[in-house]
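I have placed the structure first, in the form of structure tokens, so that the comments after it can refer back to it.
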Amino acid sequence: MPPRSLLRVLQLALLPALAVYVLALLLSAAAGIRTQLVIRDLAQTCDTALGVGLLSNLGYLGWIAAAAIALFTALSGVVEVRGRVRQLLLSGGLFSLLLCLDDMFLLHDRYIGSTFLYSLYAIFALLILFRFRSQVNALAGGSFLLAVVLLGLSVIIDQLQEVIPVPYSTLQLFEEGAKFLGIATWLAFWWQAGAGAGKLKG
């Protein structure tokens, strides 16, 4: 491997990964969490069966895959993108990453508050839709709208669960189902956007 390539890997991968690893251990130790609980797989630590949390885990993968596709297309130079197309991909990639982190660490349930975060997400989605409407339509507008509708339906069910006269266990099937289908459609949109981005003018 040429020295310049090795230096780039060091800057972009190894040093950030090492910083995250050390920071996670330090913050966990400060919070009184044992190191083994931080570094081991959750299913292994809790001794759970393979299916426990399966759909949730697949959802994380969907979010992070959407983020990776959008950011890779925007930043790698493999596909020539510029102008508003590049801005759309950067916005979508960072937004998908935020949605992934929220879903993984339950930010909306435990730390920030669902009303604030859901409102912020709705604003982000609308900004993407209106600022980049011609690019979104040209790439796969129907997929984007369907993803927003499904994810929005999941949020609405979550927010209204106390007033909907349906048992919580039944309601959760619809809420999580709409969310899972929404994540899959969101991923499909960014895959379509990444595939078609090079054909659009900035």
Next item on the list: Of the options SER76, LEU14, LEU61, report the single residue whose Cα projects farthest towards the positive end of the charge dipole of the chain (beta-carbon charges: Lys, Arg +1; Asp, Glu -1).
Entry: SER76
Notebook entry, point to check: At each listed q (0.17, 0.27, 0.30 Å⁻¹), what is the log10 of I(q)/I(0) that the Debye formula gives for segment 125-186 modelled as equal alpha-carbon point scatterers?
Noted result: -0.60, -1.02, -1.15
Margin query: Within 10 Å of each candidate Cβ there may be at most 16 other Cβ atoms; applying that plus a DSSP loop requirement, which chymotrypsin sites (Phe, Trp or Tyr not before Pro) in segment 109-189 survive?
Written below: TYR111
Next item on the list: Give, as a single signed number, the net charge of other residues whose beta carbon lies under 13 Å from the beta carbon of SER28, with Lys and Arg counted +1 and Asp and Glu -1.
Entry: +2
Checklist line | Summed side-chain charge close to ILE64 - residues other than ILE64 whose Cβ falls under 13 Å, Lys, Arg +1, Asp, Glu -1 | finding: -2
Item checked: Calculated FRET value between SER5 and LYS199, using beta carbons and R₀ = 25 Å, to 0.05 -> 0.25
Next item on the list: Between beta-carbons, use under 13 Å as the cut-off and find the net charge around THR115, counting Lys and Arg +1, Asp and Glu -1.
Entry: -2
Notebook entry, point to check: Which length gain, in nm to one decimal place, applies between THR170 and SER114 when the Cα-Cα distance is subtracted from 0.36 nm times their residue separation?
Noted result: 18.1 nm
Note to self: Quick query: amide H of ILE112 versus all other amide H atoms, modeled in the peptide plane; which residues come in under 5 Å with a sequence gap of 5 or more or a different chain?
What the structure shows: none
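None of the figures in this text is laboratory data; all of them are computed from the coordinates on show. None of the values given here were measured: they were computed from a predicted structure. As a convention, Cβ positions derive from the backbone with ideal geometry for all residues, glycine included, and neighbour counts pool all protein chains shown.
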